[in-house]
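Everything below concerns the one structure shown next.
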Amino acid sequence: MGIAIIFLSVLLLLTLRNGSQTGEGLVTVLVLGDIGRSPRMSNHSISFAKEGYEVQHVGYGGTVPHKNLTTNQKITVYHVMEIGRASCRERV
């Protein structure tokens, strides 16, 4: 879990690009779950778009995303394939 948090932090830092003083830039919001079942993360993306950022909203498919995500010109929704869960019970 610690490696995942570090990876996500680095990913966020690399994708959050400061633009001009008008707030233009690119933000990637990574949802660790079904996009349609993540209203808080959807609200983050919508808020960034209202501030003038281009937003990449990334997460698992499944349920239909909120219409404000799919109709906003500043938000692009990307679905990623969910991989099987790795077992942490094995000991070396």
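Annotations for the structure displayed:
- Every residue from the range 57-75 that is among the polar types (S, T, N, Q) and surrounded by fewer than 16 Cβ atoms within 10 Å (Cβ to Cβ): Thr63, Asn68, Thr70, Thr71, Gln73
- Gly52 being surrounded by fewer than 19 Cβ atoms within 10 Å (Cβ to Cβ) and at pLDDT below 90: no
The values are calculated or read from the model by the stated rules, or taken from the named source; none is laboratory data. Fair warning: this is a prediction, and the values are worked out from it, not measured in the lab. So basically every Cβ, Gly included, is an ideal-geometry build from the backbone, and we count neighbours across all protein chains shown.
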